[in-house]
Amino acid sequence: MKRSLWLALGIVLLSNAVALGGVWYNRSGEPEARLSLSERELQRVSSGWLADEGDTVTRLQLLWRRPGDDWQLPWLDAAKLRALGFAVGDGQVELGRQPAREVWLVLELDGPSYRRQVEQVRQALSLAEAELQASPDSELLQQERDERRRRLEHEEQRASRLMLVDAGVDPEALRQRWPDRRHQVLLAGRIEPYRHSAQGGYGASIRLDNGRLSVPHAYREQARGWTPAYQQSGFKAQVDVAFGRRHEPWVLGVR
């Protein structure tokens, strides 16, 4: 009985030592990237088993988006899929039957992809205003104009600016292609592509492996007003987040 107890205790201690060693290694040296994120890019985790922890732990999750408004990924084509290790073309196994693959994902903060998104919404609003001007009595066009106004306001003030812009299997090659460590970060994940028709583009189910981080105790007071993304509280924050040698994030400071 005692032997089993000591064995169990040893396993726990060894597991903790391995975990702490991984944290130390990740945070040693210069960060791989360092981003200044806001409440728009960080969602508070407040459900599931974390709810039992009450206010003792504040956990956040990266909130990122795909470019565009539909299921297609503009940078995902047949050549990219082959580079990621998928079989594409006549006589190959259908994409939907191929297993997901581990890849490196590139997220870009407040870059050209996000600005194109804002510009597209702004142009849609301009078009709606022009149509309404031509038919000012149309209630349908008024509703369309108002909806696009709300969409632009959301895009400019509340939507995440962290966009998924690329994926690859070689992190060094990706970093050469995306060298801005203040706005671009590489994170491990999995991608499972699909295609709706032979004429359509490609989409994918994507999962990020290391997208959560805890707020250190020293900054818990500043983060106390953080609410889930679906709530509108007016809470504003600026969070310095580092990504270490294992590309895992941690909080450096909260303002």
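The values are calculated or read from the model by the stated rules, or taken from the named source; none is laboratory data. The shown structure was predicted, so the numbers you read here are calculated from the model rather than taken from an experiment. Heads up, the Cβs are rebuilt from the backbone with ideal geometry, glycines too, and the neighbour counts pull from every protein chain shown. Remember, those area values only see protein heavy atoms, side chains included, never the ligands or the DNA or RNA. Shrake-Rupley method; radii C 1.70, N 1.55, O 1.52, S 1.80 Å.
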Matching option when the condition is under 25 Å from residue 60 (Cα atoms) and at pLDDT below 95, among 196, 247: 247
Candidates 159, 173, filtered to the one that is open to solvent by less than 30 Å² (accessible area, probe 1.4 Å) and out of contact with any Lys or Arg (no Cβ under 6 Å at 6 or more places or on another chain): 159
All positions within the stretch 83-113 that are open to solvent by 20 Å² or more (accessible area, probe 1.4 Å) and under 30 Å from residue 158 (Cβ atoms): 104, 110, 112
Selected residue (criterion: nearest to residue 81 (Cα to Cα)) from residues of the stretch 187-221 that are open to solvent by 60 Å² or more (accessible area, probe 1.4 Å) and aliphatic (A, V, I, L, M): 198
Cβ pairs under 7 Å, 6+ apart, first in the stretch 64-76 and closer than 9 Å to residue 203 by Cα, second of a type in the set (D, E, K, R) and in a loop (DSSP other than H, G, I, E, B): 73/66
